[in-house]
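Notes for the one structure printed next.
The values are calculated or read from the model by the stated rules, or taken from the named source; none is laboratory data. Everything numeric here is computed off the predicted structure, so don't read it as measured data. Here the Cβ is made from the backbone with ideal geometry for all residues, glycine too, and neighbour counts use every protein chain on show. Just the protein is used for accessible areas: all its heavy atoms, side chains included, with ligands, DNA and RNA removed. Shrake-Rupley method; radii C 1.70, N 1.55, O 1.52, S 1.80 Å.
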Amino acid sequence: MSEDVFKKIVSHCKEYGFVFQSSEIYDGLSAVYDYGQMGVELKNNIKKYWWDSMVLLNENVVGIDSAIFMHPTIWKASGHVDAFNDPLIDNKDSKKRYRADVLIEDHLAKIDDKINKEVEKAAKRFGESFDEAMFRQTNPRVLENQQKRDEIHTRFAKALNDSNLEELRQIIIDCEIADPISGTRNWTDVRQFNLMFSTEMGSTTDGAMKVYLRPETAQGIFVNFLNVQKTGRMKIPFGIAQIGKAFRNEIVARQFIFRMREFEQMEMQFFVRPGEELEWFAKWKETRMKWHKALGFGDKKYRFHDHDKLAHYANAATDVEFEMPFGFKEVEGIHSRTDFDLSSHEEFSGKKIQYFDPELNKSYVPYVIETSIGVDRMFLSVMSASYCEEQLEGGESRVVLKLPPALAPIKLGVLPLVKKDGLPEKAREIIDNLKFDFKCQYDEKDSIGKRYRRQDAIGTPYCVTVDHQTLQDNTVTIRYRDTMEQERVAIDRLAGIIADKVSLKNLLKTIG
Ligand code: ATP
């Protein structure tokens, strides 16, 4: 897939009411987006899939909904005031701003691409007898690139770990990384930039307090650890899940809903005994990957990417990456956060935040495994994987969103063949019976073919056409989105046929 396809997905999102630029009539607000009538349904379905997979499938995971505003000291304790920074660099010619680490990561990805292309070429040439491992170990061009990559990577990881901004700049210079816009290598120094938004709470006369818009939902969970543990009588191990908005003043915000300044997270913090965290880390990695793969986009679209630089609080961390039109990108982070957050809140609040473990007969600060996924990035990955342009017989083509049926905004399109003879009334009657279970859409405008195309474009898995025969024998033609096959079925079978494919329950059963 290419950037070109990405552009098409972005315009498709707008054209069919999935995603709009925020404040569009005022020329937009950078990196802020609104979800339209289709987008909100898809987004809600994604959230429900996540939420149910956490709180229904796990007896020991419960949810909360904490406020966006929190006491400012929380962000001192969490380390965000001092360390939630990104290294930024400007190109003096284009005046564009970049994340220095992302420039280097992209450069590394390019070298990887070169290597992989070389391997693919050879695989084609040698056919079945191809030994990939051997080729990678012996081919001089691959070896040369691999060595170059490893050297840069080692320097990069060390610079990040040491927060060595000069070295980050030097890597950019040494790798001859040019600004994609101006094409020049005229770079400024690298500086740290704090990503938190702040505002004031209370009127100035009674002494306003500087508060932050939360940059992650996780802290709302940590500060409620005792509340939930005590009132819910939770026993370790247990988890707290939350879905909510987060805000980051991102330096580079040019990739549609991949990187936004206001976005939504689905986070789950799982509290465990100290010493057992890496076991749980491995378990949640597996559980979360299963959740992703169950959507059926193909296992090849996912990979884990272990972190080079561990955050100040983590002792293990990995990303679930998804193959977006612009390459493999992080959709979810899974982190072993140790007891950093709870201990830190103990220290800053002066309150004891511990768990008495009846089996061990002692109190301790629990360790935490976090799974943190962006709703919007998940949305983008679902859109990218579902968007499909198909050539049909007779020179026609269609754009179809092959959304997993459980996530599709509309489950059923109901189309009267003509706008008269009682067909519209019959169509409405079908909707009135099914509307309690499925979101249905009535459409009587234009030819049936055009109406099918419209439903294809928003990913509706089923359409039924009501015709004159329907009035006589209560049957309709049902048409399947992916195969475009049609068959005649009795109206009273519709609920069963549709439920079988679109039910979230069936999807959850594949992972639960
Ligand atoms: P990145 O390295 O891409 O900035 P991150 O590692 O800072 O992401 P986390 O802090 O681990 O991200 O946040 C968890 C998840 O929240 C990410 O995997 C991503 O899906 C989502 N997320 C983070 N920042 C944004 C953003 N600016 N816009 C949309 N989603 C985001």
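Some points to look at:
- Candidate set from the stretch 425-455 (those that are of a type in the set (Gly, Ala, Ser) and assigned to a helix (DSSP H, G or I)); member that is most open to solvent (accessible area, probe 1.4 Å): 449
- Residue in the stretch 219-241 that is in a strand (DSSP E or B) and within 19 Å of the chain's Cα centre (by Cα) present: yes
- Here residue 104 meets the list (1) touching a Cys at 6+ places or on another chain (Cβ under 9 Å); (2) open to solvent by 20 Å² or more (accessible area, probe 1.4 Å) almost entirely, failing just condition (2).
- Checking the stretch 168-183 against the condition returns a match, with at least one residue being outside any helix (DSSP H, G or I), within 29 Å of residue 103 (Cβ to Cβ) and in contact with a Leu (Cβ under 6 Å, 6 or more places away or on another chain).
- The listed residues are 510, 465, and the only one of them that is open to solvent by 80 Å² or more (accessible area, probe 1.4 Å), touching a residue at least 40 places away in the same chain (Cβ under 8 Å) and polar (S, T, N, Q) turns out to be 510.
- Residue ranges of helices (runs of 4 or more DSSP H) in the stretch 1-92 with at least 3 members more than 19 Å from the chain's Cα centre (by Cα) and hydrophobic (A, V, I, L, M, F, W, C): 73-77
- Which listed residue, of 385, 311, 316, 294, is touching a residue at least 24 places away in the same chain (Cβ under 8 Å), open to solvent by 20 Å² or more (accessible area, probe 1.4 Å) and within 22 Å of residue 153 (Cα to Cα): 311
- Residue list for the stretch 322-338, filter: within 11 Å of the ligand (Cβ to nearest atom) and closer than 22 Å to residue 5 by Cβ: 322, 329, 330, 331
- Annotation note: of 319, 341, the sole residue that is assigned by TED's automatic domain parsing to the domain that holds residue 54 and within 12 Å of the ligand (Cβ to nearest atom) is 319.
- Checked across the stretch 376-390, the condition of being part of a loop (DSSP other than H, G, I, E, B) and away from the ligand (no atom under 16 Å from the Cβ) holds for no residue.
- Within the stretch 328-356, considering residues that are among the small types (Gly, Ala, Ser) and under 11 Å from residue 367 (Cβ atoms), the one most open to solvent (accessible area, probe 1.4 Å): 343
- Scope the stretch 53-83; condition within 17 Å of residue 220 (Cα to Cα), within 16 Å of the ligand (Cβ to nearest atom) and not β-branched (Val, Ile, Thr); matching residues: 75, 78, 79, 80
- Test result for residue 422, surrounded by 22 or more Cβ atoms within 10 Å (Cβ to Cβ) and of a type outside the set (A, V, I, L, M): no
- Filter result for the condition that a residue is open to solvent by less than 30 Å² (accessible area, probe 1.4 Å), among the β-branched types (Val, Ile, Thr), within 12 Å of the ligand (Cβ to nearest atom) and assigned by TED's automatic domain parsing to the domain that holds residue 351, over 257, 236: 257
- Set 429, 425, 396: member being at pLDDT below 95, over 29 Å from the mean Cα position of the chain (by Cα) and not assigned by TED's automatic domain parsing to the domain that holds residue 229: 396
- Within the stretch 397-408, none of the residues are of a type in the set (A, V, I, L, M, F, W, C) and exposed (fewer than 14 other Cβ atoms within 10 Å of the Cβ).
- Meets criteria (more than 15 Å from the ligand (Cβ to nearest atom), closer than 30 Å to residue 34 by Cβ and assigned by TED's automatic domain parsing to the domain that holds residue 332) for residue 228: no
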